[in-house]
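The values are calculated or read from the model by the stated rules, or taken from the named source; none is laboratory data. All values derive from a computational prediction rather than experimental measurement. When we count neighbours, we look across all protein chains shown, and the Cβ atoms used for this are built from the backbone with ideal geometry, even at glycine. Keep in mind that these areas ignore ligands, DNA and RNA; they rest on the heavy atoms of the full protein, side chains included. Shrake-Rupley method; radii C 1.70, N 1.55, O 1.52, S 1.80 Å.
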Amino acid sequence: GSYQPSQGSDDDWDDDWDDSSTVADEPGALSSSYPDYEAAGGGASGRYRLSTRSELSLGSRSGHPAGHPHPPGTGGGGGAKSSATVSRNLNRFSTFVKSGGEAFVLGEASGFVKDGDKLCVVLGPQGPEWQENPYPFQCSIEDPTKQTKFKGMKSYIAYKLVPSHTGQQVHRRYKHFDWLYGRLAEKFPVISVPHLPEKQATGRFEEDFISKRRKGLAWWMDHMCSHPVLAQCDAFQHFLTCPSTDEKAWKQGKRKAEKDEMVGANFFLTISVPTGPGASLDLQEVESQVDGFKAFTKKMDESALQLNHTANEFARKQVTGFKKEYQKVGHSFKCLSQAFELDQQAFSAGLNQAIAFTAEAYDAIGDLFADQPRQDLDPVMDLLALYQGHLANFPDIIHVQKGALTKVKESKRHVEEGKMELQKAEGIQERCNIISFATLAEINHFHKIRVRDFKSQMQHFLQQQILFFQKVTQKLEEALHKYDSV
């Protein structure tokens, strides 16, 4: 499930926007999978200031943020009570470990959180939700144009983006979207970053493909702007507002995003949750809510796949089968009218013309069937594709939350057995609480936009179906009137 930057043909990182090296190649920078944290201060980059095993032995690590002394009586390393630790996950490729969730829950993350990095979860009528974006905006994606460089040796498609909060248009290529997606997927382990529409190596300049990709990117952009956290993220704002012509500013913003310290375990430090009486979550209730959502996503995924398959089949039948069948009927009527024309009677001329007109009507209805899917079925399939991307993200998000719950259960057991200080276990529970709040806020947001999107898409689908059958009816009525004067 972890994001792999796609290998592409037209979208390689080789043009004049780019540096000769990226941050990931520099010594000391971490790869996206965090197999192990660097010791505090290790690696000249100083990217992470984490209390890791170099500073504290695993046995004596307290559940307090780094820098706080041990509570009196725990004595750092002595005594049976402080010798118990919550076991570490041995699978270093587990999402819980890679996302930094484990390090955070065990109290290993420490860093200075700037005001601009803070993310708030608030209690809404349906439970935890992300604090709304105080300055909502939209962004349109228009006019995909083919551009060339190296004197025409290399071509690519550029899209015009117009964010409503600036009104200033910028041009971006697919690879810039791809770069942004990679950064956000790495930074936000408990947020579902919508997947980009698929890459295509061949036929990528064909009109149909460009049009389909633009629609996919428009859906993607809508989900980015609708998300209270993603919409306000620095890397996304840089992507939307940096002038296309200012190469220096683009590179600076790109480097800043790649050197962001609030990723991995540190990301969880940026989340603030409701406090005070009535604000703490019941862990059992959280677990049953998350399990319910897991069952929901599984069912939704299956039904989305089935609907996509059915819609695809139906569209294919309309474009080829239905069109062919209606035109066969039209052709047969045409043959009948041609046979009737061999009769030279003047009074039958009106009938012959009316039947010939009926033949044309059926021919036209065949064309209407072939054109229809792009009006109604295609948009439904575009939406399903976007949601299948979201549904593919949730197992990892749920895995992070489940991992945190497991650590809490383990620490409670240690306290009961007298092997761990209550204070340390409470620290683990508090940090698990933060992950639970964020997960529930993300689930809540998903349901909100799902209802909004499917409502508008189903309305559009049925309106287009009604218009289609009205056009078919109109053709048949026109043909019927031709017989009035016969």
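Round to the nearest 0.05 the FRET efficiency obtained for LYS251 and ALA392 when R0 = 30 Å and r is the Cβ-Cβ distance. Don't skip to the answer; put the middle values down first.
On the way: r = 32 Å, r/R0 = 1.06.
Calculated transfer efficiency: 0.40.
Test of understanding: what is the full-extension gain from PHE314 to LYS160, defined as 0.36 nm times their sequence separation minus their Cα-Cα distance?
Details: separation 154, 0.36 × 154 = 55.44 nm, distance 3.34 nm.
In short, 52.1 nm is gained.
What FRET efficiency comes out for the pair GLN375/LYS118, r = Cβ-Cβ distance, R0 = 30 Å, nearest 0.05?
Values: r = 45 Å, r/R0 = 1.49.
With R0 = 30 Å, the Cβ-Cβ based efficiency is 0.10.
Does anything in the range 420-450 have its amide N under 18 Å from the 7 Å Cα→Cβ label point of ARG88, and if so which residues?
Output list for this probe position: 428.
Which order do TYR135, TYR174 take by accessible area at a 1.4 Å probe, largest first?
Solvent-accessible surface, decreasing: TYR135, TYR174.
Kindly report, to the nearest 10 Å², the accessible surface of HIS165 as traced by a 1.4 Å probe over protein heavy atoms only.
Counting only protein heavy atoms, the figure is 80 Å².
Please list the three semi-axes, largest first and in whole Å, of the ellipsoid equivalent to the range 310-419, using sqrt of 5 times the eigenvalues of its alpha carbon gyration tensor. The partial results should precede the final answer.
Numbers: eigenvalues 960, 16, 11 Å².
The equivalent ellipsoid of the range 310-419 has semi-axes of 69, 9, 7 Å.
State, in angstrom, two size descriptors of the range 399-486 derived from its alpha carbons: Rg to one decimal place and Dmax to the nearest whole number.
Calculated on Cα positions, Rg and Dmax stand at 30.4, 101 Å.
Calculate the spin-label point distance for ASP282 paired with MET458, positioning each point 7 Å from the Cα along the beta-carbon direction, and give it in nanometres.
Roughly 3.2 nm, to one decimal.
Just need the Rg to Rh number for the range 200-356, please, alpha carbons only, Kirkwood Rh.
Dividing the radius of gyration by the Kirkwood radius yields 1.29.
Accessible surface of GLU416 in the full protein assembly, 1.4 angstrom probe, to the nearest 10 Å²?
In the full protein context, GLU416 sits at about 150 Å².
Whole number please: convex hull volume per residue, Cα atoms of the range 155-271, in Å³. Could you put the intermediate results ahead of the total?
Details: hull volume 13.3 nm³, N = 117.
Convex hull of Cα atoms, per residue: 114 Å³.
Given N residues in the range 302-369, what is Rg(Cα) / (2.2 N^0.38 Å)?
1.64
Taking θ = phi - 60°, what integer Hz values does the Karplus form 6.51 cos²θ - 1.76 cosθ + 1.60 yield along the range 402-413, in sequence order, with x for Gly and Pro?
For the range 402-413, the Karplus curve yields 5, x, 5, 4, 4, 5, 5, 4, 4, 5, 4, 4 Hz.
For the range 353-416, just run the numbers: alpha carbon Rg, then divide by 2.2 N^0.38 Å, N being how many residues it has.
Cα-based Rg divided by the globular estimate yields 2.62.
I'd like the Karplus ³J(HN,Hα) series for the range 98-105: coefficients 6.51, -1.76, 1.60, θ = phi - 60°, whole numbers in Hz, and an x wherever there's a Gly or Pro.
Running phi through 6.51 cos²θ - 1.76 cosθ + 1.60 with θ = phi - 60° gives 4, 6, x, x, 5, 4, 5, 4 Hz.
Volume per residue, Å³, of the convex hull around the alpha-carbon atoms of the range 284-482?
94 Å³
Given 0.36 nm per residue, what is the gain on full extension from GLU478 to PHE347 after removing their alpha carbon distance, in nm?
Taking 0.36 nm per residue and subtracting the Cα distance, the gain is 45.0 nm.
Pop the C-beta distance of LYS259 and LYS409 into the FRET formula with R0 = 35 Å and round what comes out to the nearest 0.05. Display every interim value, and only then the final one.
Values: r = 37 Å, r/R0 = 1.05.
That gives a FRET efficiency of 0.45.
Is there a pair in LYS154/LYS199; LYS160/LYS248; LYS114/LYS448; LYS424/LYS448 whose C-alpha atoms are over 25 Å apart, and which pairs would that be?
Long pairs (Cα-Cα over 25 Å): LYS114/LYS448; LYS424/LYS448.
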